[in-house]
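Each remark here refers to the structure printed beneath this line.
Just so it is clear, none of the values below were taken in a lab; they were calculated from the coordinates. For clarity, every value in this text was computed on a predicted model and none was experimentally measured. In this analysis, Cβ positions are derived from the backbone assuming ideal geometry, glycine residues included, and neighbour counts consider all displayed protein chains.
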Amino acid sequence: MMRADYSIKSDPSLTEEDRLDNHWTENWNKIDNQRRAQWRIKVRPEYKVVRKYAPQPGRTVRVLDGGCGLGEWCILLKNLGYEPYGLDLSTPTVQALRSEFPDMHFVREDIRKTSFDDNFFDLYISWGTFEHFENGLQDCFQEAYRVLKPGGSLIISVPFYNRRLKDIDAKHGAPVKDNAINEFYQWRLEPDELANEFKINGFETKHIEPIYTREGLNRHMHHAYGFPYGKLSRLSALALSPFVDPRKYAHMLIGVATKK
Ligand SMILES: C[S@@+](CC[C@H](N)C(=O)[O-])C[C@H]1O[C@@H](n2cnc3c(N)ncnc32)[C@H](O)[C@@H]1O
């Protein structure tokens, strides 16, 4: 069963859309809009998967980045020769991207209901965004299905309900929502749940893989042994990650599927 993560309750008078806009704007402001360098994206595990499954680049090959954040992937895709479109709900983030890159396509829209035509994109990528809606992931999948061309690829990452978390939940019980103090934050999925989401929304699964073992290990050392987050914990996680089982520790899942 998908597992829900909760966060501390924000202003209850806000709509879900405004809450998400505020949350992510705050997040991006915190890192002072420092965009990751292109080489840093190229060493991310998502890049390896995109290189393997994306169509060949071309000016007519349209790619949507759903939840594009600071726009790094769109900039990379443009440099690689694709025609990228970045979409995000964080208003100031998208405004900044539009003024910095007037020749590129950046829109402030909701990933669940976009303004793009049917069958518009050859490739749709989305990192860590489909899982943020309490009613499930289906609205994102259905919109992805609508805007992708038949045969087009969808590549997404979602939080992984890994064995470490399953063990913790088996011992202590899964997190429970207390309406007085917390609110829904995100879903965590197992690989067969992601495959099922692809299937029921009209996609054929090509590949699913746990990624970010190092990040998951870093969290484990913090929660299980009180290791403070910092350089030392990052280096320890880096050294240990090749020796641990990704199914137990990986932080995210990446999935690739095509529109039937
Ligand atoms: C985990 S971040 C990922 C950002 C970026 N893809 C990356 O890998 O750095 C999730 C992004 O999704 C955006 N987002 C959240 N809800 C959204 C929605 N309903 N529609 C569009 N974007 C949304 C957030 O503003 C945020 O930029």
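With +1 assigned to the C-beta of every Lys and Arg and -1 to the C-beta of every Asp and Glu, and no other charges, what is the dipole magnitude of the chain about the Cα centre in debye, to the nearest 20? Display every interim value, and only then the final one.
Details: 37 positive and 36 negative charges, 254 e Å.
Result for the chain is approximately 1220 debye, rounded to the nearest 20.
Based on Cα positions only, what radius of gyration and what Dmax would you give for the chain, in angstroms?
Spelled out, the Cα radius of gyration and Dmax of the chain are 18.3, 53 Å.
Expressed in whole Å with the largest first, what are the equivalent ellipsoid semi-axes of segment 12-63 derived from the C-alpha gyration tensor as the square root of 5 times each eigenvalue?
Working from the Cα gyration tensor, I get semi-axes of 31, 17, 11 Å.
Go through 52-62, 149-159 and give me the packing order, highest mean Cβ count within 10 Å leading.
Values: 52-62: 13.6, 149-159: 21.2.
Result, highest mean Cβ count within 10 Å first: 149-159, 52-62.
Please name which of LEU87, LEU20, TYR124 has its Cα lying farthest along the dipole of segment 20-178 towards the positive end, using unit charges on Cβ (Lys, Arg +1; Asp, Glu -1) and the Cα centre as origin.
With unit charges placed on the Cβ atoms, the residue in question is TYR124.
Which three semi-axes in whole Å describe the equivalent ellipsoid of segment 200-260, each the square root of 5 times a Cα gyration tensor eigenvalue, listed largest first? List each step's numbers first, then the result.
Working: eigenvalues 192, 22, 15 Å².
So the equivalent ellipsoid measures 31, 10, 9 Å along its semi-axes.
Order these by the 10 Å Cβ neighbour count, fewest first: LYS171, LYS177. Mind showing how you got there, number by number?
Values: LYS171 7, LYS177 12.
Ascending Cβ contact count within 10 Å gives the list LYS171, LYS177.
Just rank THR15, THR205, fewest to most, by other beta-carbon atoms within 10 angstrom.
Least crowded to most crowded, the residues run THR15, THR205.
How do THR258, THR91 line up, fewest other C-beta atoms within 10 Å first? Let's see the in-between values first.
On the way: THR258 17, THR91 14.
Least to most surrounded, the residues fall as THR91, THR258.
What is the magnitude of the charge dipole of segment 13-65 about its Cα centre, with +1 placed on the Cβ of each Lys and Arg, -1 on the Cβ of each Asp and Glu, and no other charges, expressed in debye to the nearest 20?
On the way: 12 positive and 8 negative charges, 154 e Å.
It works out to roughly 740 debye.
Report the FRET efficiency, 1/(1 + (r/R0)^6), for ASP192 and ASP103, where r is their Cβ-Cβ distance and R0 is 35 Å, rounded to 0.05.
On the way: r = 42 Å, r/R0 = 1.21.
Here the calculated transfer efficiency is 0.25.
Against the globular-protein guess of 2.2 N^0.38 Å, express the Cα radius of gyration of segment 134-260 as a ratio, rounded to two decimals.
Numbers: Rg = 16.8 Å, N = 127, 2.2 N^0.38 = 13.9 Å.
After normalising by residue count via 2.2 N^0.38 Å, the value is 1.21.
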